[in-house]
Every structure is written in C-alpha cells, then in structure tokens.
1. Starting from the 7 Å offset along Cα-to-Cβ, what nm value, one decimal, do you get for the label separation of residue 33 and residue 64?
2. Using 0.36 nm per residue of separation minus the Cα-Cα distance, give me the extension gain between residue 104 and residue 71 in nm, one decimal.
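What follows is calculated from the coordinates using simple rules that are stated; it is not laboratory data. All figures in this text were calculated on a predicted structure; none of them were measured in a lab. Methodologically, a virtual Cβ is constructed for each residue, glycine included, from the backbone with ideal geometry; neighbour enumeration extends over all protein chains shown.
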Amino acid sequence: MVRFVKVIFMVLADIVVAGLFSATNDAQKGSENKGRFHFRQTCKECHTKGALGGEVTPLNKTMEQWRAYFAKGTHNHGKEPLAKYLPPDQLLDASTFLVNHAADSPQPETCGK
C-alpha cells in the first residue's frame with residue numbers, strides 16, 4: 001500500500017511540474033505574427049540585400065543561433081543593445097518569429113524574399 005501511495009505521489013508530482021513548466025514556456029512565448037510585422041517594419045530597413053546591415057532573414061541562422069542571439073541581447077556585433085531598436089515585448093515577438101522560421105525549423109521562411 002505504501003508503495004502504491006508513493007507511485008501515485010510521484011505521478012501527481014510529475015503532472016504538477018509538467019504543468020508549471022508548460023505555463024512558464026507559454027508565458028515566455030511571443031506572437032509569431034506580430035514578430036513578423038515588427039521584423040519587417042524595424043529590421044528590414046537596414047537588413048535587405050545591398051543595405052548597410054546586410055541581408056537578414058529567418059534563414060540566416062538556426063533556431064539555436066537565433067535563441068543565442070536574443071539571449072545575448074546585443075546588436076551590431078555587440079556594440080548596441082537590442083532594446084535600442086525594439087521594446088521587450090516586441091523583441092519577444094520578433095525572436096519567436098525568427099526562431100519559428102529559422103533554417104532548421106519545421107517552417108523555414110525567407111521573410112518576403
């Protein structure tokens with residue numbers, strides 16, 4: 001009986017932890033559609049073919065590379081904070097868009113190329 005109670009307790013604990021983890025991930029996820037809009041409105045001005053910043057599309061990086069880029073939080077080879085260009089909520093949206101459409105994602109996208 002004690003063993004049965006332990007098993008039930010472990011299963012319930014796993015369910016609670018999984019639920020908390022899922023809620024945390026959902027809270028961290030931005031809007032892909034808003035991110036596409038913010039990327040096109042803010043980033044594409046300098047990041048098109050032939051422009052000063054060079055062409056940038058979601059395909060320029062893998063999902064992990066985009067995550068690392070946004071985790072670092074800098075732009076222009078580390079010279080400027082990303083927050084100079086977009087507020088935190090828009091950065092979250094842009095990162096969601098770029099990660100979800102990166103070169104190795106299930107849905108790669110060129111962003112209007």
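1. It is 3.2 nm.
2. 10.0 nm
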